[in-house]
Amino acid sequence: MQILSIHNNYQIRGGEDESREAEEKLLREMGHAVDVYQEHNDRVPSIGAVPMGLRSIWSKESYNIVKQKLQQSNCDIVHIQNFFPLISPSVHYAAKSEGVPVVQTLRNYRLLCPNGLFFRDGLVCEDCMGKFIPYPGVWHGCYRDNRPATIAVATMLTVHRAMRTWLEMVDVYISLTEFARQKFIAGGFPAEKIVVKPNFVHPDPGVGNGSGGYALFVGRLSVEKGLDTLLAAWNYLEGKVPLKIIGEGPLADQVVESAKRLPNVEWLGRKPITEVHKLMGEAMFLVFPSKWYETFGRVAVEAFAKGTPVIAANIGAIAELVDAGRTGLLFSPGNPEDLATKVQWAMTHQELLAQMRQEARNEFESKYTAQQNYYRMMEIYELAANRSLLKI
């Protein structure tokens with residue numbers, strides 16, 4: 001099978017980038033040919049605000065690139081991972097003009113919410129849910145705290161809703177969890193077009209021993225990831241539990257200040273994935289304090305692969321991934337006192353924590369291996385091909 005994978009990379013590499021690269025690598029390992037068309041947001045400043053806004057709605061350049069690639073190959077599937085902002089939905093039309101089935105992974109909530117997060121002013125926000133024109137997002141300047149930029153995103157969403165792009169130009173959508181799937185259905189997407197396929201971890205990093213004696217956070221240092229909740233919880237813990245923080249982002253200065261002020265808090269910055277996995281395996285548990293509706297939670301599954309339990313906020317998809325009392329614990333989102341209580345419980349129940357390590361690894365082996373994911377991907381590609389044929 002020949003697949004064209006399309007992705008717009010973020011300036012700060014995250015779980016979306018890791019997951020789509022893992023899929024491409026796995027497909028190649030299984031003997032498939034994978035071509036990649038990608039753009040990078042590092043280009044955005046050089047384009048200019050008005051041209052960038054227009055490009056996000058319809059990029060003639062991206063349309064021509066994809067159309068040419070498809071004309072020069074016998075492509076079986078176009079898999080759109082992320083098209084915003086440089087690539088644009090024009091690639092959906094390029095694929096359909098060549099009669100190639102389209103699969104799109106819903107890695108964020110961009111098609112329902114201008115900032116893609118359902119998150120504003122530190123809280124979950126669904127004001128744009130179900131609105132043909134997402135005007136609340138424009139009013140609040142939700143995309144990059146910039147009203148003109150948000151107008152561009154809202155225009156892109158509205159234009160393509162009017163063109164029925166999301167309904168007619170995609171054969172199958174992939175949601176990473178049932179929670180996210182239900183959000184898209186509530187937002188007007190046809191339930192029959194959305195299937196669930198989680199991310200996976202490949203190669204298997206192997207089980208750790210949890211002997212490091214510390215808690216671990218891995219992720220973007222940003223408000224929606226719950227950094228304020230995490231650091232406030234460690235204030236309550238008064239240095240009793242060592243915490244290592246891996247990642248970079250807009251709240252890096254706040255993390256640096258907290259690491260200086262709070263005993264046993266250490267910021268490690270960005271680390272290569274092999275080192276991240278090593279630290280995960282040695283951690284007593286991973287802390288996942290997100291305050292927004294995560295569509296998945298890749299680092300939690302990576303922790304499971306290492307046999308490391310996860311203490312997570314009881315919100316969004318991450319609450320679907322963590323089975324409280326078996327593979328980890330759940331706490332009230334945005335509540336540092338509750339997080340601190342759960343951490344203290346884990347520290348005083350070492351025997352149960354050891355049992356959770358085994359259950360976390362079992363969870364990985366039963367749901368998140370490459371082999372299982374590959375079979376599911378092939379089923380989805382076949383479904384997309386069959387649906388595409390019915391439209392001809």
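The values are calculated or read from the model by the stated rules, or taken from the named source; none is laboratory data. Please read these numbers as outputs of a predicted model, since none were measured by experiment. Please note: Cβ atoms are built from the backbone with ideal geometry, for glycine as well, and neighbour counts cover all protein chains shown. Heavy atoms of the whole protein, side chains included, go into the accessibility calculation; ligands, DNA and RNA do not. Shrake-Rupley method; radii C 1.70, N 1.55, O 1.52, S 1.80 Å.
Just a few scattered comments:
- About the centre of its Cα atoms, the stretch 5-125 shows a dipole size close to 360 debye [charges on the beta carbon of Lys, Arg (+1) and Asp, Glu (-1) only; nearest 20 debye].
- When peptides 41-48, 250-257 are sorted by average Cβ neighbour count within 10 Å, with the highest value leading, the order is 250-257, 41-48.
- Prolate/oblate/rounded label for the stretch 1-87 (Cα gyration tensor, a/c 1.5): oblate
- Dipole of the chain, positive direction: furthest Cα of Phe288, Cys142, Ala360, with charges on the beta-carbon: Cys142
- Rg to Rh quotient for the chain, alpha carbon positions, Kirkwood Rh: 0.97
- The label-point distance for Gln254 and Ser211, in a model that sets each label 7 Å from Cα toward Cβ, rounds to 3.7 nm.
- The order of the peptides 260-271, 109-120 by mean Cβ neighbours within 10 Å, most packed first, is 109-120, 260-271.
- Cross-link table Lys25/Lys225; Lys225/Lys271; Lys60/Lys197; Lys96/Lys193; Lys197/Lys306, entries beyond 24 Å C-alpha to C-alpha: Lys25/Lys225; Lys60/Lys197
- Given their separation in residues at 0.36 nm each and the Cα-Cα distance between them, Glu320 and Arg164 gain 53.1 nm when the chain is fully extended.
- In the chain, taking the dipole from charged Cβ atoms about the Cα centre, the farthest positive-side position among Phe189, Ile151, Phe331 is held by Ile151.
- Shape category assigned to the stretch 215-367 from the gyration tensor of Cα positions, a/c cut at 1.5: rounded
- When DSSP beta bridges are restricted to pairs lying wholly in the chain, around 5% turn out antiparallel.
- Alpha-carbon radius of gyration plus Dmax, which is the widest Cα pair, for the stretch 90-230 in Å: 18.2, 57
- Rounded Å value of the spacing that divides the Cα centres of the stretch 165-208 and the stretch 1-79: 18 Å
- Computed helical MRE - 222 nm, the chain, DSSP H runs ≥ 4 contributing -39500 (n - 2.57), nearest 500: -13500 deg cm²/dmol
- Total charge dipole magnitude, the chain, about the Cα centre, Cβ charges on Lys, Arg, Asp, Glu only, Debye to nearest 20: 740 debye
- For the pair the stretch 302-372 and the stretch 92-127, the centres of their Cα atoms are 28 angstrom apart.
- Sulfur and carbon atoms: percent of accessible area, the chain [1.4 Å]: 54 percent
- Taking a quarter of the surface of the Cα convex hull of the stretch 1-156 gives a mean projected area of 9.5 nm².
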